[in-house]
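See below for the structure under consideration.
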Amino acid sequence: MTVPTAGGHPDLLENLIRDCGLPPEQIVIVETRPDLELPAGVIRVKDFGPPNIQRWWNLGIDTAQDHGATVVAVLNDDMTVGPNALEELKTELLRTGAAIASPSRPGERIGLNKGRLIPYTPKIWGCLWLLNLNCELRPNEKYVWWFGDHDLDIRARKYFGGVVTKEIQYEHLHPGVGTGSSSKLSDQTQLDAITYQQDYARMQTLTRWVNTPRNTLKKMFGH
């Protein structure tokens with residue numbers, strides 16, 4: 001497991017390390033701010049450069065792989081997980097041969113998502129996902145702060161073994177709080193949105209077309 005942190009949620013991070021089901025020597029903490037106090041025994045790597053969540057993810061993933069991992073769970077530091085949650089996702093990841101496993105979204109079909117992208121709805125939760133290191137899929141660092149999980153989701157389903165989802169016990173306690181409280185990160189999110197629009201313009205246009213109600217299309221084209 002790898003978790004980037006600036007130390008904003010020390011109690012939650014400590015509980016996550018305790019409850020995730022992995023021994024400390026299999027947990028990579030990417031420190032993005034100096035002088036953090038962390039539980040003993042975890043693998044610590046430092047990156048004090050400009051914020052880039054994809055770069056931090058890659059650093060944690062590469063470090064885990066260097067320590068012999070074949071699957072790595074990527075989590076935020078403001079999470080809680082059930083005692084078997086990561087193991088359940090890993091089981092589905094390996095059973096299906098998917099590139100990524102992530103918790104299922106409410107109201108959506110559970111299982112393997114592969115190939116079809118139109119109409120597009122993301123399957124990955126950026127706060128918690130597992131990567132099969134036997135494939136070459138990795139986070140794209142040109143997405144600095146936002147939309148990197150969407151990009152991973154699309155590439156996993158289009159070029160690799162897909163994304164498998166499963167209902168598990170977990171909670172993301174402070175979604176979007178760090179971004180909303182920083183004008184720089186909010187501005188970066190807008191820049192990442194432009195990059196995403198440019199990279200996947202056709203897919204988004206087709207999705208809007210498919211999702212347009214039939215009566216609206218009839219009014220537009222007179223049929």
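The values are calculated or read from the model by the stated rules, or taken from the named source; none is laboratory data. Every value quoted in this text rests on a predicted model; they were computed, and no experiment measured them. Glycine gets a Cβ as well: all are built from the backbone with ideal geometry, and neighbour counts include every protein chain shown.
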Checking Thr80, Thr63 in turn, the sole residue that is surrounded by fewer than 20 Cβ atoms within 10 Å (Cβ to Cβ), part of a strand (DSSP E or B), among the polar types (S, T, N, Q) and touching a residue at least 12 places away in the same chain (Cβ under 8 Å) turns out to be Thr80
Odd one out for Gly111 among (1) within 23 Å of Trp57 (Cα to Cα); (2) at pLDDT 95 or above = (1)
Is it the case that the range 91-102 has a residue that's of a type in the set (S, T, N, Q), in a loop (DSSP other than H, G, I, E, B), modelled with pLDDT of 95 or more and surrounded by fewer than 22 Cβ atoms within 10 Å (Cβ to Cβ)?
-> no
Condition broken by Tyr159, with the remaining ones in (1) of a type outside the set (A, V, I, L, M, F, W, C); (2) at pLDDT below 95; (3) touching a Leu at 6+ places or on another chain (Cβ under 8 Å) satisfied | (2)
Scan the range 146-169 residue by residue and report those that are in contact with a helix residue (DSSP H, G or I) (Cβ under 6 Å, 6 or more places away or on another chain) and surrounded by fewer than 18 Cβ atoms within 10 Å (Cβ to Cβ).
-> Lys166, Gln169
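Can you confirm whether Ile53 is modelled with pLDDT of 95 or more and either touching a Ser or Thr at 6+ places or on another chain (Cβ under 7 Å) or small (Gly, Ala, Ser) (or both)?
On the way: modelled with pLDDT of 95 or more: yes; either touching a Ser or Thr at 6+ places or on another chain (Cβ under 7 Å) or small (Gly, Ala, Ser) (or both): no.
So Ile53 fails the test.
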Out of Val72, Val28, Val42, report the one residue that is surrounded by 14 or more Cβ atoms within 10 Å (Cβ to Cβ), free of Cβ contacts under 8 Å to residues at least 60 places away in the same chain and under 27 Å from Lys142 (Cα atoms).
-> Val28
May I ask you to verify whether Tyr143 is out of contact with any strand residue (DSSP E or B) (no Cβ under 7 Å at 6 or more places or on another chain), buried (at least 18 other Cβ atoms within 10 Å of the Cβ), at pLDDT 95 or above and farther than 20 Å from His9 by Cβ?
-> yes
